[in-house]
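Single-structure report; data block below.
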């Protein structure tokens, strides 16, 4: 496993990093930034897919919350209904994770390459020689210079560590959905602070070359995130920022949001979350203008859509 | 299954992934040589072998019975890596100590040079007394009443051997110096990562000459023999330059598979240069021509070999010790432990310091029979 990892992922990234350094004026800082941009560029389709999936999942949250409250005592039914909801909206929960899982080995390889190429300790430099291709440029470049601007990339740097934390927090904040569910809010809050704090702490321990990579990567993520989903959780409402491109989810979710709550035919107590208005992508508004073809919706759902929307907290009359 | 736990489960998985990622990053950082450990070689004087231990102590070992004596631990104030700090906060020591009179000198990765009393192992002086230089990886050398050493700041220092007072410092190199200087006929020869070899006046520190830039960094300690300086480079070639003016005598025709790291040895006008590609290159000292096909040891060689009674004793990283006689290799012993430290030798005995378990082995250089082995740990 280790040998396969080295051959297929780690060595290509490492040798590319060193070779790229020879092109970029032997400036390792510039090389880290450039290679991070290149790799993130190559993974752009996966990243955007992940971002859109995540955003689409978030926009389903009101409906999911509704279902959870409604079927709190019937887990089996809840699962069935949720599955149905995902199916109708065309969202796969795995769609958020899969692209990230695919990208993770590349991130780790890049991280390892930066650490190894910096060769802080003699053992590191000695170890590095075992992973080099026979390209002459790779051998003549080593050991790489660790000076970049005022930084020594081989040593921790407080400023970069803080920058890692800040950029990571901004990125996390952008992807954190507004939610009324206390459990989710607690989890989101933990994630929002835990990752930036952890990575800031790590940055203070590791060579700042790694922090430079994290900062670059975070900034790229923020930019991508902005273009795909807008400022997200950074601003209170993103209704004005159209997602634009993920039509696949947009259309389906809009149709689902249009339909009234399903408590009408069951008679359960449902508190409709107030945050559903204006939250997420603003699909509800555009959905009003969309022609209803009814295509692809099960008969049951079409019937539900015709029912009048009931006011908050209303208990329907049982028959 | 996904649906059952939906978003909360996703959040938990994300949390787990983050923890795994951070843990993985930390662990891989440890594994890949982030932390300096040290690989000090041994030097023998008056029946005692001196070397630095992984704990950061100078250790004196009796060559007759293996009894040990330790100095106080030298500790570092620099922070260790998250989650991978060594159990001991001892300073890593890479260079082989030098002995002169009643003092033993050793450099630390914390950027200090220490002088210990050879009998009591009490510290006599330390340079610099306050603060630290850049990490010192090469060993010190004593000659002309001075201690010479190079540092990662690209400087060469000369101190009074008895007091540690600085006599001169010279900044010939534009990059790190990790090699041990060689003193010959009033000249200090030292190599640098800036791809050059320098000759300095041993009395004043003034630069006499520098070589033209070669194709790669130079980590090997140079070998001076018969008015010629031999060294290998990261460009995977061996070089011979004139000791008088630094002009190139020859560059090896053969290109090694990986870097030259260990110091070469010379015997019978033949240069034996081990490489990290696991081969020993055998070249004519005058012309640089390859005399025989490189001797394959099957594992990288970073440990500098020694010459004992006409045999080249050499150790590979995987822990095998070989003898090369008449250009034929013979396995003396398989220690099965990682070897990076330069070998030491005295009276037909080879001393091998293995990095993994901080163990010192004494082997008969002819037969490979293990005479004794001891741990250098003080605990």
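The values are calculated or read from the model by the stated rules, or taken from the named source; none is laboratory data. Predicted, not measured: the structure shown is a model, and the values here were computed from it. All Cβ positions, glycine included, derive from the backbone under ideal geometry; neighbour counts span all protein chains shown.
Scanning segment B:98-146 for residues that are touching a residue at least 60 places away in the same chain (Cβ under 8 Å) and either within 22 Å of residue B:35 (Cβ to Cβ) or surrounded by fewer than 17 Cβ atoms within 10 Å (Cβ to Cβ) (or both) turns up B:101, B:106, B:109, B:135, B:138, B:139.
Entry remark, segment B:44-55: residues being more than 14 Å from chain A (Cβ to nearest Cβ) and surrounded by 22 or more Cβ atoms within 10 Å (Cβ to Cβ) number 5 in total.
Each residue in segment B:361-379 was checked for being under 16 Å from residue B:56 (Cβ atoms) and in contact with a strand residue (DSSP E or B) (Cβ under 6 Å, 6 or more places away or on another chain), and 3 pass. For segment B:247-265, does any single residue satisfy the condition of being in a strand (DSSP E or B) and either on the phi > 0 side of the Ramachandran plot or in contact (Cβ under 8 Å) with a residue 40 or more places away in the chain (or both)? Yes, segment B:247-265 has at least one match. Residue count for segment A:131-144, restricted to those that are within 24 Å of residue B:94 (Cβ to Cβ) and more than 7 Å from every other protein chain (Cβ to nearest Cβ): 4.
Tallying residues that are within 18 Å of residue B:54 (Cβ to Cβ) and part of a loop (DSSP other than H, G, I, E, B) within segment B:95-110 yields 5. Scanning segment A:166-191 for residues that are modelled with pLDDT under 80, surrounded by fewer than 17 Cβ atoms within 10 Å (Cβ to Cβ) and more than 7 Å from every other protein chain (Cβ to nearest Cβ) returns A:180, A:182, A:185, A:186, A:189, A:190. Scanning segment B:215-237 for residues that are within 14 Å of chain A (Cβ to nearest Cβ) and touching a strand residue (DSSP E or B) at 6+ places or on another chain (Cβ under 6 Å) yields a total of 4. If you check A:33, A:102, A:23, A:39 for being more than 9 Å from chain B (Cβ to nearest Cβ), loosely packed, with under 15 Cβ neighbours inside 10 Å and modelled with pLDDT of 80 or more, only one passes: A:23.
Suppose the filter is in a helix (DSSP H, G or I), away from chain B (no Cβ under 11 Å) and either at pLDDT below 80 or within 27 Å of residue A:231 (Cβ to Cβ) (or both); does residue A:72 pass it?
no
Taking the criterion of being touching a strand residue (DSSP E or B) at 6+ places or on another chain (Cβ under 6 Å) and either within 14 Å of another protein chain (Cβ to nearest Cβ) or surrounded by fewer than 21 Cβ atoms within 10 Å (Cβ to Cβ) (or both), the residues of segment B:254-269 that qualify are B:254, B:260, B:262, B:266, B:267.
Of all the numbered requirements in (1) assigned to a helix (DSSP H, G or I); (2) surrounded by 19 or more Cβ atoms within 10 Å (Cβ to Cβ), residue A:144 misses one, and that requirement is (1). Condition check for residue B:251 on (1) modelled with pLDDT of 95 or more; (2) surrounded by 19 or more Cβ atoms within 10 Å (Cβ to Cβ); (3) more than 17 Å from the chain's Cα centre (by Cα): one failure, at (2). Inside segment A:118-129, residues that are modelled with pLDDT of 85 or more and more than 7 Å from every other protein chain (Cβ to nearest Cβ) make up a count of 2.
Residues being surrounded by fewer than 23 Cβ atoms within 10 Å (Cβ to Cβ), away from chain A (no Cβ under 14 Å) and free of Cβ contacts under 8 Å to residues at least 60 places away in the same chain are entirely absent from segment B:188-200.
Screening segment B:163-182 for residues that are under 11 Å from residue B:149 (Cα atoms) and buried (at least 18 other Cβ atoms within 10 Å of the Cβ) and picking the one that is farthest from the other protein chains (Cβ to nearest Cβ) gives B:170.
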